[in-house]
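The values are calculated or read from the model by the stated rules, or taken from the named source; none is laboratory data. Keep in mind that this is a model prediction, so the values were computed, not measured. All Cβ positions, even for glycine, are placed from backbone atoms using ideal geometry, and neighbour counts span all protein chains on display. Side chains are part of the model used for accessible areas, which takes the heavy atoms of the whole protein and leaves out ligands, DNA and RNA. Shrake-Rupley method; radii C 1.70, N 1.55, O 1.52, S 1.80 Å.
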Amino acid sequence: KNQPTFELDPEEKEDPDEAYITNTLKQYDERRFDTDDVIVLYFDSARFLPEIITMSQIGVKAYNSNGDIVMNPINSKCILELSTTQKPYYGIRQELSLKSNSQMDSSTILVFR
């Protein structure tokens, strides 16, 4: 009954930057990757695929600064029994750490396809 009202001034033009909330929080710590640190990759499912997609797969490789592959490449098709048409399910979990892989370093990058 006592609803607040909101009126736009027709003279005021919309600023596209106002559509986003600026993130002022620090996103990462500036420190080297420690030998006890573990990166865990989860690939549960994909979203926003076109409707004409019936089968999908995911591929991931990790490279160090020398171009060496530092983990077993992940190459998997979706699990059909657990997938829906709009949301394929992969169910992949992979751990990366310096302890388990001596070639991995702080320059390691992941390549997705």
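Looking at GLY59, GLY91, can you tell me which residue is open to solvent by less than 80 Å² (accessible area, probe 1.4 Å), part of a strand (DSSP E or B) and either at positive phi or of a type in the set (Lys, Arg) (or both)?
GLY91
Tell me which residues, restricted to region 62-82, are within 19 Å of THR108 (Cβ to Cβ) and either open to solvent by 80 Å² or more (accessible area, probe 1.4 Å) or in a strand (DSSP E or B) (or both).
If the condition is that a residue be within 19 Å of THR108 (Cβ to Cβ) and either open to solvent by 80 Å² or more (accessible area, probe 1.4 Å) or in a strand (DSSP E or B) (or both), then ALA62, TYR63, SER65, ASN66, ILE69, ASN72, ILE74, ASN75 are the ones that fit.
Just to be sure, is LEU96 surrounded by 12 or more Cβ atoms within 10 Å (Cβ to Cβ) and modelled with pLDDT under 85?
yes
So how many residues does region 4-48 have that are modelled with pLDDT under 65 and either closer than 30 Å to GLY59 by Cβ or part of a loop (DSSP other than H, G, I, E, B) (or both)?
Step one: filter region 4-48 for residues modelled with pLDDT under 65, giving 4-19.
Adding the requirement that they be either closer than 30 Å to GLY59 by Cβ or part of a loop (DSSP other than H, G, I, E, B) (or both) leaves 4-15.
Matching residues across region 4-48 total 12.
What pairs come out if I take residues in region 78-90 that are under 16 Å from GLU51 (Cα atoms) and pair them with residues that are open to solvent by less than 90 Å² (accessible area, probe 1.4 Å) and aliphatic (A, V, I, L, M) whose C-beta lies under 6 Å away, six or more apart or interchain?
Pairs that qualify, where the first residue is under 16 Å from GLU51 (Cα atoms) and the partner is open to solvent by less than 90 Å² (accessible area, probe 1.4 Å) and aliphatic (A, V, I, L, M), are PRO88/ALA46; TYR89/ILE79.
In region 94-108, how many are in a strand (DSSP E or B) and more than 24 Å from LYS77 (Cβ to Cβ)?
Number of matching residues: 1.
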